[in-house]
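One structure is given below, encoded as structure tokens.
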Number of protein chains: 2
Amino acid sequence: MSAQPIVGILGGMGPLAGAEFLRQLTLLCPATRDQDHVRAVLWSDPTIPDRPAAMFDGGPSPAPGMIHGLRVLEQAGAGMICIACNTAHLWFDEIQAAIKTPILHIVDAAASDLARQGIAAGARVGILGTTATVKSGLYHQRLAARGYAPLSLDDAEMAATSTPSIKCVKRNDLAGSFAPLVAAVKLLKDRGAAAVVLGCTELPLAAQAGDRAAFGVPVVDTVEAHARAAIAWAKGELRVARAAE
Amino acid sequence: MSAQPIVGILGGMGPLAGAEFLRQLTLLCPATRDQDHVRAVLWSDPTIPDRPAAMFDGGPSPAPGMIHGLRVLEQAGAGMICIACNTAHLWFDEIQAAIKTPILHIVDAAASDLARQGIAAGARVGILGTTATVKSGLYHQRLAARGYAPLSLDDAEMAATSTPSIKCVKRNDLAGSFAPLVAAVKLLKDRGAAAVVLGCTELPLAAQAGDRAAFGVPVVDTVEAHARAAIAWAKGELRVARAAE
């Protein structure tokens, strides 16, 4: 049996995001044949309770369902786990505490991608995502801890730009999703953002619908960034450890 | 914890085919929210030895690696397993014997899709795929057992049509892959094929690169057909059992 390390993927939130993570894990891996690719195991449970509903409307917690999936991945041999959903990271500390296998935090992957694109600590970085992700400060706290200065849009600006872009992607209107995303990036750029993080699974699809030159600043595709970090881990180029270690 | 059935997916052969299966399992499922989708667990081990090399050149058998993956899926709770690779089905009997969980044979899924498209037993059905799949008779035997009359191309015809189409897809030349696929389908249609099965993971991508009306006959996308059958199983509309049961 192969001794290559195994990337665990907690998917299903939504199910396309998990499939897209696995696709990017393949497309971004330097390989000339199947056998050069990364071993992976993916748990896709779309029945995990809705994350924004749990966060804002007193709905049931997604944590027990996520912990079950993480344990399946651990038992299957995963040496490191990626959660293919930005909003799910709001439960990061609780679910990481429930398993021994380290989870690669998506904001850490985004930070590595900022560095890869030459954006150094101290820079202003725009954060786009669902209202839940932006309002929770998920990216803000963790990027600020690395020395970046995070910026985001206010409620009215999100309602006019990033939220319609996300909604277009969700109804498969990729063509319609591009212009409002450009408008959102431009607002952040005008306030001094040296780069903009696309902190949800829909916005990277919107960004693919047009010419990235329209943004005028580097953007971080968090699905790609997460997959790149997972490949680096599998190749022994990145260490991922639990916070206590 | 959810009690919804879990579809197991043996992927990695190659890794994009497994990701595409999960994508189709999502896109083809009638759903208005994440929670309506099918639960799944996917084992993606691209390090499993090459299937054509094992078949034709005395390379190491992929069976032990596949059996390991099947056991992981079984232990994770899969109630039924799909193998997201046509050629891997050449080891079907050996690997099914090693686990209790039933495997949904991809040719049975293709046969269900022929019926769905109104192609009744007795009809001539063209088979396209890799040389390994076509020469092994994988589709021929199992479709003939259901009363279909399978047809395929000879070596020179494959070398001139379906093989170049597959090669174009493998090097991401989707535009170039379409015309040779149309030529392959036309040869089979001219010999009386009432439908043509795209029996590999590349040809369905080639078929998406142009207008399907160019084929002049219904085609079976085996990735879609396999995912449709898995959804039917998860919804309780399809029974999948081991041959002995």
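The values are calculated or read from the model by the stated rules, or taken from the named source; none is laboratory data. All values derive from a computational prediction rather than experimental measurement. Here the Cβ is made from the backbone with ideal geometry for all residues, glycine too, and neighbour counts use every protein chain on show. Protein only, heavy atoms only, side chains kept; ligands, DNA and RNA dropped before computing areas. Shrake-Rupley method; radii C 1.70, N 1.55, O 1.52, S 1.80 Å.
For segment A:162-193, residues that are open to solvent by less than 10 Å² (accessible area, probe 1.4 Å) and under 23 Å from A:A149 (Cβ atoms) total 6.
Could you check segment A:106-117 and list, in sequence order, the residues that are open to solvent by 30 Å² or more (accessible area, probe 1.4 Å) and touching a residue at least 24 places away in the same chain (Cβ under 8 Å)?
A:D108, A:S112, A:R116, A:Q117
Evaluating A:P30 against the criteria (1) more than 8 Å from every other protein chain (Cβ to nearest Cβ); (2) free of Cβ contacts under 8 Å to residues at least 40 places away in the same chain; (3) open to solvent by less than 10 Å² (accessible area, probe 1.4 Å) leaves one unmet condition, (3). For segment B:73-105, which residues satisfy the criterion of being open to solvent by less than 20 Å² (accessible area, probe 1.4 Å), assigned to a helix (DSSP H, G or I) and touching a helix residue (DSSP H, G or I) at 6+ places or on another chain (Cβ under 7 Å)? Scanning segment B:73-105 gives B:A76, B:T87, B:A88, B:H89, B:I95. Considering only residues that are within 11 Å of chain A (Cβ to nearest Cβ) and touching a residue at least 24 places away in the same chain (Cβ under 8 Å), which ones fall in segment B:53-65? Scanning segment B:53-65 gives a single hit, B:P62. Considering the conditions (1) in contact with a strand residue (DSSP E or B) (Cβ under 9 Å, 6 or more places away or on another chain); (2) open to solvent by 30 Å² or more (accessible area, probe 1.4 Å); (3) modelled with pLDDT under 95, B:K135 is excluded by exactly one of them, (1). Of the set (1) outside any helix (DSSP H, G or I); (2) modelled with pLDDT of 95 or more; (3) not acidic (D, E), all apply to A:K186 but (1). Residue by residue through segment B:33-50, note down the ones that are within 7 Å of another protein chain (Cβ to nearest Cβ) and part of a helix (DSSP H, G or I). If the condition is that a residue be within 7 Å of another protein chain (Cβ to nearest Cβ) and part of a helix (DSSP H, G or I), then B:D34, B:Q35 are the ones that fit.
For segment B:1-16, the set of residues classified as open to solvent by 10 Å² or more (accessible area, probe 1.4 Å), of a type in the set (G, A, S) and at the interface with chain A (Cβ under 8 Å from one of its Cβ atoms) consists of B:S2, B:G14, listed by residue number. Taking the condition out of contact with any Leu (no Cβ under 9 Å at 6 or more places or on another chain) and free of Cβ contacts under 8 Å to residues at least 24 places away in the same chain, does B:Q75 pass? Answer is yes for this residue. A residue that is closer than 28 Å to A:S61 by Cα, in the same structural domain as B:A97 (by TED's automatic domain parsing) and under 21 Å from the mean Cα position of the chain (by Cα) can be found somewhere in segment B:51-73. Report whether or not B:A229 is modelled with pLDDT of 95 or more and assigned by TED's automatic domain parsing to the domain that holds B:A17. Considered against the rule, which asks whether it is modelled with pLDDT of 95 or more and assigned by TED's automatic domain parsing to the domain that holds B:A17, B:A229 comes out as yes. Residues in segment B:193-239 that are assigned to a loop (DSSP other than H, G, I, E, B), more than 16 Å from the chain's Cα centre (by Cα) and within 25 Å of B:I6 (Cα to Cα): B:K235, B:G236, B:E237, B:L238, B:R239.
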